[in-house]
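Read the structure below first, then the notes.
The values are calculated or read from the model by the stated rules, or taken from the named source; none is laboratory data. Since this is a predicted model, take the numbers as computed values, not measurements. Counting neighbours? That spans all protein chains shown, and the Cβs are built from the backbone with ideal geometry, glycine included. These area figures cover heavy atoms from the full protein model, side chains too; ligands, DNA and RNA do not enter into them. Shrake-Rupley method; radii C 1.70, N 1.55, O 1.52, S 1.80 Å.
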Amino acid sequence: MPSREVLKELQEECLADDVELPENADAWTVSEAREYFESGGTSRPGQPACVPAAGENESNLQIRWAVDTAEWDPQEAEWEVLLRTLPEEEATRVMKFHFRDDQKRALVSRLLQRHACARYLSLPHGEVQILRTKGRKPYLASPHSSPLEEACLYWNFKDRTRERSVILAFDAHHR
């Protein structure tokens, strides 16, 4: 069981300063605490990930993930496997970037969006359909027939690509 000090360090590492540290968090494992912080406080051990825990804001769920892509240098085989996980149209958009660093950030951004939808709506990755607004802002086309459809209707993403990293801010608004 991690100490409060270890939990605070983990919270900082996950960029979750705004996520409340529950009193019972010292009973969690380090991996459970990491998952909690990485989910923006929406995923507590023993609870469904998309349903807010008692006392949390029930109007929406928030996730903030950051990935530093600067040191990542994928081999061609790894790159191709990851690119094939995207729909063909999205993979083509990734490859339209001229510089490899821009391609890496575009790929990671799209993978994070898909992973958030799959994870929090319990959808197979292949069933996640992300469309874009006229302004190119990504959104989940539909939560499909997920049992959590009633709880998590609107999914919006804000992704930022910086020189070294990709940051995904994600809101699932409830009905």
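Here are a few things to note about the model shown:
- Rolled with a 1.4 Å probe across the full set of protein chains, the surface gives TRP72 an accessible area near 60 Å².
- Once both labels are positioned 7 Å from their Cα atoms along Cα-to-Cβ, the gap between ALA118 and GLU76 label points is 2.5 nm.
- Spacing of the modelled spin labels on VAL67 and ASP101, each 7 Å from Cα toward Cβ, amounts to 1.8 nm.
- Gain in span if fully extended, LEU131 to ARG4, counting 0.36 nm per residue against the direct Cα distance: 41.6 nm
- The amide H of ALA141, built 1.01 Å from its N in the peptide plane, has GLN129, ILE130, LEU131 as neighbours under 5 Å, considering only residues 5 or more places off or on other chains.
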